[in-house]
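The values are calculated or read from the model by the stated rules, or taken from the named source; none is laboratory data. Model, not experiment: these values are computed from the prediction. For neighbour counting, all protein chains shown are included, and Cβ atoms are generated from backbone atoms with ideal geometry for every residue, glycine included. Heads up: the accessible areas ignore ligands, DNA and RNA and are worked out on the full protein's heavy atoms, side chains in. Shrake-Rupley method; radii C 1.70, N 1.55, O 1.52, S 1.80 Å.
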Amino acid sequence: MAAKVEIYTWRTCPFCIRAKQLLTKKGVHYTEYSIDGDEAARNKMAQRSNGRRSLPQIFINDRHVGGCDDLHALDSQGKLDQLLAS
């Protein structure tokens with residue numbers, strides 16, 4: 001079973017684009033919530049991410065993993081593939 005991956009983004013955010021590129025490179029299917037200017041959606045994201053309002057915010061199997069740098073750090077530590085396989 002593939003992991004459920006969700007990512008909150010803004011269309012022009014370079015960190016969002018970088019995070020999506022990594023997921024795509026790994027062949028991960030993800031659900032993207034493009035929340036450009038939608039404060040209600042951003043508030044919902046902040047509730048899920050323990051108050052973090054920066055973008056992107058990424059969730060794997062409903063677990064908050066953080067933003068772009070956090071995603072790349074998990075990958076460089078060899079932990080991302082484990083999360084995606086669970």
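For the reader, a short list of remarks on this structure follows.
- The single condition among (1) in contact with a His (Cβ under 7 Å, 6 or more places away or on another chain); (2) open to solvent by 80 Å² or more (accessible area, probe 1.4 Å); (3) of a type in the set (Ser, Thr, Tyr) that THR12 does not meet is (1).
- For beta carbons closer than 6 Å, sequence separation of 6+ or different chains, a first residue in the stretch 40-66 that is of a type outside the set (A, V, I, L, M) and a second that is open to solvent by 30 Å² or more (accessible area, probe 1.4 Å) and part of a loop (DSSP other than H, G, I, E, B), the qualifying pairs are ASN61/LYS4.
- Strands (runs of 3 or more DSSP E) lying entirely in the stretch 15-86 (those with 2 or more residues that are of a type outside the set (A, V, I, L, M) and either at positive phi or open to solvent by less than 50 Å² (accessible area, probe 1.4 Å) (or both)): 57-60, 63-66
- Count - residues of the stretch 1-29 that are over 10 Å from the mean Cα position of the chain (by Cα) and either free of Cβ contacts under 8 Å to residues at least 12 places away in the same chain or farther than 16 Å from HIS72 by Cβ (or both): 14
- Residue within the stretch 39-48 that is of a type in the set (S, T, N, Q) and within 16 Å of PHE15 (Cα to Cα) present: no
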